[in-house]
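A.B. asks: Got a structure here, written out as structure tokens. Questions coming.
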Amino acid sequence: MAMNPMQRKSRNSFLLGMVLTLLITSVIIAMLFLQVTKLKDEADKLEKSYVTAYVLQTDIQSGTNITVTDVKEERISKMMLPSDAISPADLTENTLAKINLTAGTVLTSSIIVESEDTISNDVRLQEYNMIVLPTQLAVDDYIDIRWMLPNGQDYIVVSKKRVLDCNENTIWINMTEDEILTMSGATVEAYTVTGSKLYAVKYVEPGNQISATSTYVPSKDVYDLILADPNIVNTAKEELNRKYSSLVDKRNQNINNVVSEYAEDAIDNIEAKLEEEIARQQEARELYLEELDASM
């Protein structure tokens, strides 16, 4: 059937409209595809510019252990990632913070140090309450225990001990067998000499500061006991022998002279100090038990 001019024109217009619609739709689709591709490329580039880092979840005090539980995973810009960044796999049970660290700090090799403390077979948890403690002493602080004589001489008895617990006048620290005996010797001599004192001093940045060198030399009796003790490892015996041999003359000239000045009152001083120590220990124990009952 022949198509009249009006129908033909209408059909051509419809076909033209369809073609134009398809062309416009194709252009839009192509533009959208290009835009999506561009956004995807930008997203890929952005993703590649970020890496996985490990940051601290909490504030960490200098000298305190850093463990896997203190660290979380976080995505940061490559430009912000330190060159010495490390993962939790690099942490050990002896890893300490060099300085005070805040939450969000990226874990790096420059902010950690391996503890000098090793738990040998002769290490024991010791409790001391005859030591004059710093006012602001807290758990996880590091201290030297020193002995000051009335003439101003001052000796380091044990160095860089971590405070595992403390209260008003008592501290708990890990000590090796030779340190226990040395501390016992210094305690007796401190009791003997009126006006002398055993006191603790804090490290400012224990993670960065190495332990001080002990300058106190135990008496000959204590020294012989230390060397005869089977609980002391050979390396400790060798070190004690070296130190004692090199410093014994200094002890004879300095400490022994001061101690001998108080020889007449030595027994009375020791008995009085021991009574005070026992009383303080009983008070500390009563306080601990009261706190324990209150928390239950």
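A.B. asks: Checking Met79 against (1) more than 20 Å from the chain's Cα centre (by Cα); (2) part of a strand (DSSP E or B); (3) not assigned by TED's automatic domain parsing to the domain that holds Tyr288, which single condition isn't satisfied?
C.D. replies: Just one mismatch for Met79, condition (2).
A.B. asks: Please identify the pairs in which a residue from the range 175-196 that is on the phi < 0 side of the Ramachandran plot and buried (at least 21 other Cβ atoms within 10 Å of the Cβ) has its Cβ atom under 6 Å from the Cβ atom of a residue that is modelled with pLDDT of 85 or more and among the aromatic types (Phe, Trp, Tyr), counting only partners at least 6 apart or on another chain.
C.D. replies: As it stands, the answer is Ala186/Trp147; Ala186/Tyr216; Ala190/Trp147, since those pairs meet every condition given.
A.B. asks: Between residues in the range 50-77 that are closer than 12 Å to Thr105 by Cβ and without any contact (Cβ under 8 Å) to a residue 40 or more places away in the chain and residues that are among the charged types (D, E, K, R) and outside any loop (DSSP other than H, G, I, E, B), which pairs lie under 6 Å by C-beta distance while being six or more apart or on different chains?
C.D. replies: none
A.B. asks: Can Thr95 be described as assigned by TED's automatic domain parsing to the domain that holds Gln61 and loosely packed, with under 13 Cβ neighbours inside 10 Å?
C.D. replies: In short, no.
A.B. asks: Separate question: Run Val71 past the list (1) more than 23 Å from the chain's Cα centre (by Cα); (2) of a type in the set (Val, Ile, Thr); (3) at pLDDT 80 or above and report the number of the one that doesn't hold.
C.D. replies: With (1) more than 23 Å from the chain's Cα centre (by Cα); (2) of a type in the set (Val, Ile, Thr); (3) at pLDDT 80 or above applied to Val71, the lone miss is (1).
A.B. asks: Going through Leu125, Leu133, Leu164 one at a time, which residue ends up being over 30 Å from Met80 (Cβ atoms) and touching a Cys at 6+ places or on another chain (Cβ under 8 Å)?
C.D. replies: Leu133
A.B. asks: Across the range 123-162, which residue is modelled with the lowest pLDDT among those that are of a type in the set (Asp, Glu) and either over 18 Å from Lys197 (Cα atoms) or out of contact with any Ser or Thr (no Cβ under 7 Å at 6 or more places or on another chain) (or both)?
C.D. replies: The residue in question is Asp140.
The values are calculated or read from the model by the stated rules, or taken from the named source; none is laboratory data. As the structure is a computational prediction, the values presented were derived from the model and not from experiment. With ideal geometry, Cβ positions are generated from the backbone for all residues, glycine too; neighbour counts draw on all protein chains shown.
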